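The block underneath contains the structure these notes are about, expressed in C-alpha cells.
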Amino acid sequence: MSDRYTPDQILGHSDEADGIEEYDNRLPRWWVGLFLFCIAWSPAYAIHYHIVAERSQAGDYDAEMAAAAEKWPQISAEDAANMEITADVLAEGEAIYTTNCVACHAADMTGGIGPNLVDDEWIHGSTKAEITSTITNGVTEKGMPPWGPVLGPEKVAKVAAFVHSKNGT
Ligand code: HEC
C-alpha cells in the first residue's frame, strides 16, 4: 500500500464541492503522535482524577462553599431576627435599601412600581417579622422579588429593620 501512495494528488471532485479541490494526503506524524498520546493519556488522567486523587466537581464545589462560609460567615435566620437594632444596623439597612430597593419603592420610600413603605397601610403586615418575611420570600406574582437568596438573612434583617423604623413616618 505504501508503495502506491503518492502525495499531493488532487482527488478531482471539485465540481461537486463548489470548486474546492481536495488532496488525500497522510496526516503529519506529529499530529498522529499527538492523537495517540491523547488516547493513551486520557485513561491515565481519568484514573488519577477519579480514583487516585478522588476529585469530583461536586467535591470541589462543596470545598469552595465550605471555604466561603468560613470566610464570610452567615448568621442564622433566628440570630438575624434577634439582632440588636443599633444606629449602625439602620445605616447599613439604608445602604442595602438604596442599592436594591429604590428602583421600585423610590428613594423617599413613597413607592412607584412597589407600594409606599412609609405610610401606615400594609398589604403583608407591618411587624418586623412580617416585613422580614415579605422581603425574604417576595411576592413573586405581584412583582416583588424574593431577597432571601440574594441578600442572605443578615442583610434582609438589616433592611427590614430599616423599613420597619420608617413605618408610618
Ligand atoms: C422589581 C420591583 C421591586 C423591587 C426591586 C423591590 N420591591 Fe418590594 N415590592 C414590590 C411590589 C410590586 C410589591 C407589592 C407586592 C404586593 O402587592 O403584594 C412590594 C412589596 C414590598 C413590601 C410589602 C409592602 C406591604 O405593604 O406589605 C415590602 C416590605 C417591600 N416590598 C420591601 C422591599 C425591599 C426592602 C426591597 C429591597 C431589598 C424591595 N422591596 C425591592 C416591588 C419591588
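The values are calculated or read from the model by the stated rules, or taken from the named source; none is laboratory data. All of these numbers come straight from a predicted model, not from anything done at the bench. For neighbour counting, all protein chains shown are included, and Cβ atoms are generated from backbone atoms with ideal geometry for every residue, glycine included.
Residue-by-condition table, conditions (1) crowded, with 17+ Cβ neighbours inside 10 Å; (2) under 24 Å from the mean Cα position of the chain (by Cα):
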| residue | (1), (2) |
| --- | --- |
| 64 | no, yes |
| 70 | no, yes |
| 81 | no, no |
| 100 | yes, yes |
| 104 | no, yes |
| 130 | no, no |
| 140 | no, yes |
| 151 | yes, yes |
Quick check, is residue 151 assigned to a helix (DSSP H, G or I), more than 9 Å from the ligand (Cβ to nearest atom) and touching a residue at least 40 places away in the same chain (Cβ under 8 Å)?
no
I need a count of the residues in segment 81-109 that are modelled with pLDDT under 95 and either touching a His at 6+ places or on another chain (Cβ under 8 Å) or of a type in the set (S, T, N, Q) (or both).
2
Within the bounds of segment 107-123, is there any residue that is aromatic (Phe, Trp, Tyr), assigned by TED's automatic domain parsing to the domain that holds residue 152 and part of a loop (DSSP other than H, G, I, E, B)?
yes
Of the listed residues (63, 68), the one being part of a helix (DSSP H, G or I), within 18 Å of residue 150 (Cα to Cα) and aliphatic (A, V, I, L, M) is 68
Only one of 159, 163 is under 27 Å from residue 68 (Cα atoms), among the β-branched types (Val, Ile, Thr) and near the ligand (Cβ under 7 Å from one of its atoms), namely 159
Just to be sure, is residue 126 within 19 Å of residue 168 (Cα to Cα) and either at pLDDT below 95 or surrounded by fewer than 16 Cβ atoms within 10 Å (Cβ to Cβ) (or both)?
yes
It is to be established whether one or more residues within segment 135-142 are within 9 Å of the ligand (Cβ to nearest atom), part of a loop (DSSP other than H, G, I, E, B), touching a residue at least 24 places away in the same chain (Cβ under 8 Å) and in contact with a helix residue (DSSP H, G or I) (Cβ under 7 Å, 6 or more places away or on another chain).
no
